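Here's the structure we're looking at; comments come further down.
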Amino acid sequence: MDSGVKGIKTLLKEQAAAFPDWHIAVDYVIEHGEKCIVKWTLTGTQTGDYFGYKPSSRKFEISGVDIETIVDGKITAHDGAEDMLGLL
């Protein structure tokens, strides 16, 4: 997979093809100094191939937390964790 912006665009296109009804809800945001913490929930239905997995037509829900470092209005560092078990 490509890195940088090109890699992100490729990944998002593949995800949109596999999960055309996906929806990301921001549950809450906490800001403290240069740090921004975002708790989110992603829902959708797998109707296309995804990393070799055939469509399941099952609905899913996963949640995650992203921690961003923001300097001069730009994200300079990212860390995060997702509960991917909702895809099973």
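Tell me, please, whether a residue that is in a helix (DSSP H, G or I), without any contact (Cβ under 8 Å) to a residue 24 or more places away in the chain and more than 22 Å from Ala77 (Cβ to Cβ) can be found in the stretch 15-24.
Yes.
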Taking the stretch 1-51 and keeping residues acidic (Asp, Glu) and under 15 Å from the mean Cα position of the chain (by Cα) leaves Glu14, Asp21, Asp27
Which members of the stretch 51-61 meet the condition of being in a strand (DSSP E or B) and in contact with a strand residue (DSSP E or B) (Cβ under 9 Å, 6 or more places away or on another chain)? Lys59, Phe60, Glu61
Identify, please: which residue in the stretch 33-75 is of a type in the set (Ser, Thr, Tyr) and free of Cβ contacts under 8 Å to residues at least 24 places away in the same chain and is, among those, farthest from Ala17 (Cα to Cα)? Thr41
Within the stretch 24-54, residues more than 15 Å from Glu82 (Cα to Cα) and either touching a Gly at 6+ places or on another chain (Cβ under 8 Å) or among the β-branched types (Val, Ile, Thr) (or both) come out as Val29, Ile30, Thr45, Thr47
Quick check on this structure: which one of Gly48, Gly7, Gly44 is in a strand (DSSP E or B) and surrounded by 11 or more Cβ atoms within 10 Å (Cβ to Cβ)? Gly44
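Read-outs throughout are calculated quantities, based only on the coordinates presented, and are distinct from any laboratory measurement. Model, not experiment: these values are computed from the prediction. Positions of Cβ are generated from backbone atoms using ideal geometry, with glycine treated the same way; all protein chains shown enter the neighbour counts.
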